[in-house]
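Undergrad: Just dropping this structure here.
The values are calculated or read from the model by the stated rules, or taken from the named source; none is laboratory data. Every value quoted in this text rests on a predicted model; they were computed, and no experiment measured them. Every residue, glycine as well, gets a Cβ built from its backbone with ideal geometry; the counts of neighbours run over all protein chains shown.
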Amino acid sequence: MRVVAAMSGGVDSAVAAARMLESGHEVVGVHLALSQSAATLRESARGCCTLEDAGDARRVADRLGIPFYVWDMAERFKADVVDDFVAEYAAGRTPNPCLRCNEKIKFAALLDKALALGFDAVATGHYAQVREVADSAAPGGTRRELHRAVDPAKDQSYVLGVLDAEQLGRSFFPLGDTTKPDIRAEAAQRGFSVARKPDSHDICFIPDGDTRGWLQRRLGEQPGPVVDTEGQVLGEHRGAFGYTVGQRRGVGLTVPPADGTKRYVVRTDTRTNTVVVGAQELLGVDRIVGDHARWCGPAPQGVVEVGAQVRAHGQEYAARAWADGEAGTLEVHLEERIRGVAPGQSVVLYHGSRVVGSATIATADRRQVSAGRAPS
């Protein structure tokens, strides 16, 4: 196969490209320029996509003896990831930009361009596994499934839950069967200078990690009240967009609760620019309704038993789920209440280690039916 290896300049994508080459594929390295004003050097371990990263990727490609290109996708990244991130927070939701980047950039814009240029697939350094399984209904009698990586500490199947079956059929994840320490050791054996390079993490376009400050510079200060569930004003905020469900620190209470208990953000209301706080027990939800449902294979039919995960490295919870294919929605009933679920996050469904699909959380609340009851 002719394969585009997405090379970020880090150790994972470097080893992924090397493994694809050794598997007999014709590999071309591509670094995505995603910043409209890329810094020369990283400001911290959080950032990426700097000129330093592009140079690191090029050196790996030179060592492998493969062609290397930089593809400018800064405008697409700004529109589909950065602007979407701002708009979601302004609307009172808490988005995951890594999922949006995978959906819109790495496995849409990048893959589409690769296919248009005559390539067959894209390979990345994500920690996940793709397995071929027999399926008489699929073309060629087989289909591909997305599974968790063997290294639970590095598993990235959650942020790949937005891939559909067609995108999955054109994707390779060569690192899913290996732990991160072994990947670093392999990179060192191959003589890659990035073997000890720190991982980038969190939000790549907010290198200092100050999400609230970054948003405030774009949305401006929008003062409003912090109230309890009865409407009593307990303080003032500088913008409801800077708060997310489950947050306790930095809420800005000036009036202590009468009962002395800690208060958490239970919801934000962008229509009234109000942040509502309450006791911790109010955070527990067991019903999630999501939209923008996407399936890594056949969409589930009827009520199915699944595992549900709502954070990239969070716990998986037993649940029952069913989808409305025409509406593109998904409803999930959890067997136990969980805390800190916010609109805008994603719920990813699993069957064992296999990723079933995902949806963007629209609402999360407490259902009025007993646990395990099927939908009417």
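Undergrad: Could you tell me which of the residues Val122, Val133 is surrounded by fewer than 16 Cβ atoms within 10 Å (Cβ to Cβ), within 26 Å of Ala359 (Cα to Cα) and assigned by TED's automatic domain parsing to the domain that holds Gly24? Don't jump to the end; show me each part of the working.
TA: Details: Val122 fails: surrounded by fewer than 16 Cβ atoms within 10 Å (Cβ to Cβ).
When all the criteria are applied, what remains is Val133.
Undergrad: Out of the stretch 346-369, which residues are at pLDDT below 95 and outside any strand (DSSP E or B)?
TA: Arg366, Arg367, Gln368, Val369 - these are the residues of the stretch 346-369 that are at pLDDT below 95 and outside any strand (DSSP E or B).
Undergrad: Scanning the stretch 274-296 for residues that are part of a loop (DSSP other than H, G, I, E, B) and within 27 Å of the chain's Cα centre (by Cα), which turns out surrounded by the most Cβ atoms within 10 Å (Cβ to Cβ)? Talk me through it step by step, then tell me what you get.
TA: Narrowing the stretch 274-296 to residues part of a loop (DSSP other than H, G, I, E, B): 279, 284, 296.
Remaining after also requiring within 27 Å of the chain's Cα centre (by Cα): 284, 296.
Numbers: Gly284: 16, Cys296: 27.
Among those residues, the one meeting the criterion is Cys296.
Undergrad: Next up: Restricting attention to the stretch 239-249, does a residue exist that is of a type in the set (Ser, Thr, Tyr), in contact (Cβ under 8 Å) with a residue 60 or more places away in the chain and surrounded by 18 or more Cβ atoms within 10 Å (Cβ to Cβ)? Steps first, answer last, please.
TA: First, the residues of the stretch 239-249 that are of a type in the set (Ser, Thr, Tyr): 243-244.
This time we only want the ones that are in contact (Cβ under 8 Å) with a residue 60 or more places away in the chain, so: 244.
Cutting the leftovers down to surrounded by 18 or more Cβ atoms within 10 Å (Cβ to Cβ) gives us 244.
Yes, because at least one residue in the stretch 239-249 is of a type in the set (Ser, Thr, Tyr), in contact (Cβ under 8 Å) with a residue 60 or more places away in the chain and surrounded by 18 or more Cβ atoms within 10 Å (Cβ to Cβ).
Undergrad: Quick check on the stretch 69-78. Is at least one of its residues under 23 Å from Ala359 (Cα atoms) and part of a loop (DSSP other than H, G, I, E, B)? Show your work before the answer.
TA: Taking the stretch 69-78 and keeping what is under 23 Å from Ala359 (Cα atoms), we get 76-78.
Subsequent filtering for residues that are part of a loop (DSSP other than H, G, I, E, B) retains none.
Among the residues of the stretch 69-78, not one is under 23 Å from Ala359 (Cα atoms) and part of a loop (DSSP other than H, G, I, E, B), which makes the answer no.
Undergrad: Output the qualifying pairs, or none if there are none: Cβ atoms under 7 angstrom, residues six or more apart or on different chains, first residue in the stretch 155-175 and under 16 Å from Cys101 (Cα atoms) and assigned by TED's automatic domain parsing to the domain that holds Gln129, second residue in a loop (DSSP other than H, G, I, E, B) and at pLDDT 95 or above.
TA: Within 7 Å, the pairs are Gln156/His126; Gln156/Tyr127; Gln156/Ala149; Ser157/Ala149; Leu160/His126; Ser171/Leu163.
Undergrad: For the stretch 202-244, how many residues meet the condition of being in contact with a strand residue (DSSP E or B) (Cβ under 6 Å, 6 or more places away or on another chain), among the β-branched types (Val, Ile, Thr) and in a loop (DSSP other than H, G, I, E, B)?
TA: Summing the residues that are in contact with a strand residue (DSSP E or B) (Cβ under 6 Å, 6 or more places away or on another chain), among the β-branched types (Val, Ile, Thr) and in a loop (DSSP other than H, G, I, E, B) in the stretch 202-244 gives 1.
Undergrad: Quickly run through the stretch 304-323 and pick out the residues that are part of a strand (DSSP E or B) and under 14 Å from Val285 (Cβ atoms).
TA: As a first pass, look at the stretch 304-323 and keep what is part of a strand (DSSP E or B): 304-309, 317-323.
Hits for the stretch 304-323 are Ala308, Tyr317, Ala319.
Undergrad: Please enumerate the residues belonging to the stretch 185-238 that are without any contact (Cβ under 8 Å) to a residue 12 or more places away in the chain and in contact with a Lys or Arg (Cβ under 8 Å, 6 or more places away or on another chain).
TA: Ala188 - this is the single residue of the stretch 185-238 that is without any contact (Cβ under 8 Å) to a residue 12 or more places away in the chain and in contact with a Lys or Arg (Cβ under 8 Å, 6 or more places away or on another chain).
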